[in-house]
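S.K.: Please read through the structure below; I'll follow up with questions.
The values are calculated or read from the model by the stated rules, or taken from the named source; none is laboratory data. These figures come from a predicted structure and were not determined experimentally. Virtual Cβ from ideal backbone geometry, glycine too; neighbours counted across all protein chains shown.
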There are 2 protein chains.
Amino acid sequence: MGEVPPTHPRYASLMARKRLTDAAATGMLAESALIAHGRGEAFDYLLGERTCDAARKAIAEVAARLLSAENPVISVNGNTVALAGPQLLTCAAMLNCPVEVNIYYRTPERMEALLSALELQREEATTLYPEFHQQISLVPILGATPDGRIPNLDGPRANCHADGILSADVILVPLEDGDRCEALVAMGKTVCAIDLNPLSRTAKKATITIVDELTRCLPLLLDDLIDETLIPDENWDNEQNLRQVVSEMLRILDDAA
Amino acid sequence: MGEVPPTHPRYASLMARKRLTDAAATGMLAESALIAHGRGEAFDYLLGERTCDAARKAIAEVAARLLSAENPVISVNGNTVALAGPQLLTCAAMLNCPVEVNIYYRTPERMEALLSALELQREEATTLYPEFHQQISLVPILGATPDGRIPNLDGPRANCHADGILSADVILVPLEDGDRCEALVAMGKTVCAIDLNPLSRTAKKATITIVDELTRCLPLLLDDLIDETLIPDENWDNEQNLRQVVSEMLRILDDAA
């Protein structure tokens, strides 16, 4: 891909694609990661590549849950680190919580690549959000030495840190796999997912689902995290929120045809 | 990915994914190819992963156009060869026409990988369709030495063979780029596209668009090519056909929500 000017109508989408293909080249991603990203692109197309009202509400609710958590944690995988590692480190810095790498296809090489990338991304995070530079430098990055397991989940993706995911009450999990989302909810945790497919198992199983593109919604989430007056809505109806998202997609698809 | 039994509900989708990740490993694909496949997967999900009635009609119309063509040609790219090279060779064998490799990101290495893969796929095609083994062995595979250019198209993707795409009256182009589709239509050619996104420029610009998954629609197309009584419908309304596909997607999305 040649140089793309920031004024290009599809600049954000092309930059996301570039971050992912670069990450694939450095061994950070499983082979199916680019395919998963493409699926997301199609659903984002059906959202008109903008944050819909229902997503805006979910973002505020996720901020409220994270702010009122005892032990929040941010769980990241390859695509997440590639697309928005610095923003997620900043989110963790604001919440004073760890970031934990947890991936579906766990190999020592991929774990090492992701942990190294996150360490390097502290600098990018500090450049983007200099007001949090102190906290960013202190964010614990977990994943290297898991000492716990998520119950009812097979394989290495169940591995986690006792002082990270295992003991968390509220988890922010962008781009999650459906099984793991379900297992975390079954543990009684508040699972805040970010997923572009409103019909996915993750979207349906999570406590709160932000149906929005990761790099577009995180600046909005960071804005909301500054607002310490946000209070969780104990009557949050995730199913209704997802139906609102689908209605928006139906409207856009109908208009485009 | 471990062994997947053919009875798995998502067998076809998982096999398609495996063919593509294998092809990526052998250098057949551009770096954005897996992302494009993922976009297709999402649209196929909205079709319920089945061939809808509108697509069935488009397949028959494409068969009729190919059967009545003077100089048909089948244009293939990386994803096409990876997913359905043998079926497309068989299609060419039945039509007694060439297959021409034409790719967006043309490098000598990728062209070589694709031309070699097609040569090897003659054997797979013969195993699948033994009744055409003689014709399959004779299908000209073009692309190595382009001696013509598609007008009004920049870059190496405009390169083509004078006795292939340049002189064809009817072109079957699965998974085409929008610019090239438009340039081929502007040359007065009948462009038969296969594209899972009914809203894409390719889908909208082509003469006939089959909105269906490549490996699912090709056996149906091959069936139709045996029926030599098919006659082209000169009043084919592609826009209306695409609207029918979108209606089907709207119905499925609405039901799923």
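S.K.: Counting only residues that are of a type in the set (A, V, I, L, M, F, W, C) and under 30 Å from A:Ser116 (Cβ atoms), give me the helices (runs of 4 or more DSSP H) lying completely in the stretch A:138-238 with at least 1 of them. Before the answer, list the steps.
M.R.: Numbers: elements: A:178-186, A:201-205, A:214-226.
It comes to A:178-186, A:214-226.
S.K.: Then there's this: Please determine, by comparing only the residues of the stretch A:31-53 that are assigned to a loop (DSSP other than H, G, I, E, B) and within 7 Å of chain B (Cβ to nearest Cβ), which one is nearest to B:Pro198 (Cα to Cα).
M.R.: So in the stretch A:31-53, the residues assigned to a loop (DSSP other than H, G, I, E, B) come out as A:31-32, A:47-52.
Right, trim to within 7 Å of chain B (Cβ to nearest Cβ) and you get A:31-32.
On the way: A:Glu31: 27, A:Ser32: 24 Å.
Here the residue is A:Ser32.
Okay, residues lined up against (1) farther than 30 Å from B:Leu250 by Cα; (2) surrounded by fewer than 18 Cβ atoms within 10 Å (Cβ to Cβ); (3) modelled with pLDDT of 95 or more; (4) touching a Lys or Arg at 6+ places or on another chain (Cβ under 8 Å):
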{"residue": "B:Gly2", "(1), (2), (3), (4)": "yes, yes, no, no"}
{"residue": "B:Thr26", "(1), (2), (3), (4)": "yes, yes, no, no"}
{"residue": "B:Ala36", "(1), (2), (3), (4)": "no, no, no, no"}
{"residue": "B:Val62", "(1), (2), (3), (4)": "no, no, yes, no"}
{"residue": "B:Thr90", "(1), (2), (3), (4)": "yes, no, yes, no"}
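S.K.: Hey, does the stretch A:206-220 have a residue that's among the hydroxyl-bearing types (Ser, Thr, Tyr) and within 14 Å of another protein chain (Cβ to nearest Cβ)? Full working, then the answer.
M.R.: Restricting attention to the stretch A:206-220, the residues satisfying the condition of being among the hydroxyl-bearing types (Ser, Thr, Tyr) are A:207, A:209, A:215.
If we keep only those that are within 14 Å of another protein chain (Cβ to nearest Cβ) too, we end up with A:209.
Checked against the condition, which is being among the hydroxyl-bearing types (Ser, Thr, Tyr) and within 14 Å of another protein chain (Cβ to nearest Cβ), the stretch A:206-220 yields at least one hit.
S.K.: Please indicate, with yes or no, whether at least one residue in the stretch A:113-131 is among the basic types (Lys, Arg) and surrounded by fewer than 18 Cβ atoms within 10 Å (Cβ to Cβ).
M.R.: No.
S.K.: Against the conditions (1) of a type in the set (Gly, Ala, Ser); (2) touching a Leu at 6+ places or on another chain (Cβ under 9 Å); (3) over 24 Å from A:Ala42 (Cβ atoms), where does B:Ser32 fall short? Just the number, please.
M.R.: Result: B:Ser32 fails condition (3) only.
S.K.: Would you mind finding the one in B:Asn71, B:Asn152 that is more than 22 Å from B:Cys217 (Cβ to Cβ) and in contact with a Ser or Thr (Cβ under 8 Å, 6 or more places away or on another chain)? Talk me through it step by step, then tell me what you get.
M.R.: Details: B:Asn152 fails: in contact with a Ser or Thr (Cβ under 8 Å, 6 or more places away or on another chain).
The match here is B:Asn71.
S.K.: Give A:Val73, A:Val81 a once-over and let me know the one that is outside any helix (DSSP H, G or I) and β-branched (Val, Ile, Thr).
M.R.: Details: A:Val81 fails: outside any helix (DSSP H, G or I).
One residue alone meets the criteria, A:Val73.
S.K.: A further question follows. Considering only residues that are assigned to a loop (DSSP other than H, G, I, E, B) and among the hydrophobic types (A, V, I, L, M, F, W, C), which ones fall in the stretch B:84-118? Before you say what the answer is, go through the steps one by one.
M.R.: Residues of the stretch B:84-118 that are assigned to a loop (DSSP other than H, G, I, E, B), as a first pass: B:96-98, B:102-107.
Result: B:Cys97, B:Ile103.
S.K.: A further question on this structure: Pick from A:Leu83, A:Leu20: which is touching a Lys or Arg at 6+ places or on another chain (Cβ under 7 Å) and touching a residue at least 40 places away in the same chain (Cβ under 8 Å)? Lay out the reasoning, then the answer.
M.R.: Values: A:Leu20 fails: touching a Lys or Arg at 6+ places or on another chain (Cβ under 7 Å).
Residue meeting the stated conditions: A:Leu83.
S.K.: So, one more: Search the stretch A:241-256 for residues that are free of Cβ contacts under 8 Å to residues at least 24 places away in the same chain and at the interface with chain B (Cβ under 10 Å from one of its Cβ atoms) and pair each with any residue that is surrounded by fewer than 18 Cβ atoms within 10 Å (Cβ to Cβ) and among the small types (Gly, Ala, Ser) when their beta-carbon atoms are under 7 Å apart and the residues are at least 6 apart or on different chains.
M.R.: A:Arg243/B:Ala257
S.K.: What number of residues within the stretch A:1-30 satisfy the criterion of being facing another protein chain (nearest Cβ under 9 Å) and assigned to a loop (DSSP other than H, G, I, E, B)?
M.R.: Of the residues in that region, 1 qualify.
S.K.: Do we have B:Tyr104 as touching a helix residue (DSSP H, G or I) at 6+ places or on another chain (Cβ under 9 Å) and modelled with pLDDT under 90 here?
M.R.: Details: touching a helix residue (DSSP H, G or I) at 6+ places or on another chain (Cβ under 9 Å): yes; modelled with pLDDT under 90: yes.
Yes: the conditions hold for B:Tyr104.
S.K.: Something else about it: Cβ-Cβ below 7 Å, separation at least six or inter-chain, first residue in the stretch B:55-69 and farther than 14 Å from B:Glu234 by Cβ and β-branched (Val, Ile, Thr), second surrounded by fewer than 21 Cβ atoms within 10 Å (Cβ to Cβ) and modelled with pLDDT of 95 or more: which pairs?
M.R.: B:Ile59/B:Leu220; B:Ile59/B:Asp224
S.K.: Just give me the residues in the stretch A:223-240 being modelled with pLDDT of 95 or more, more than 14 Å from every other protein chain (Cβ to nearest Cβ) and within 14 Å of A:Cys192 (Cβ to Cβ), in sequence order.
M.R.: A:Asp224, A:Leu225, A:Pro232, A:Asp233, A:Trp236
S.K.: Quick test for you: out of B:Tyr11, B:Tyr45, pick the one residue that is among the aromatic types (Phe, Trp, Tyr) and farther than 27 Å from A:Ala16 by Cβ. If you could, list the steps in order and put the result at the bottom.
M.R.: Numbers: B:Tyr45 fails: farther than 27 Å from A:Ala16 by Cβ.
Just one listed residue meets the conditions, B:Tyr11.
S.K.: Any residue in the stretch B:240-251 that is more than 21 Å from the chain's Cα centre (by Cα) and assigned to a loop (DSSP other than H, G, I, E, B)?
M.R.: Looking through the stretch B:240-251, none of the residues is more than 21 Å from the chain's Cα centre (by Cα) and assigned to a loop (DSSP other than H, G, I, E, B).
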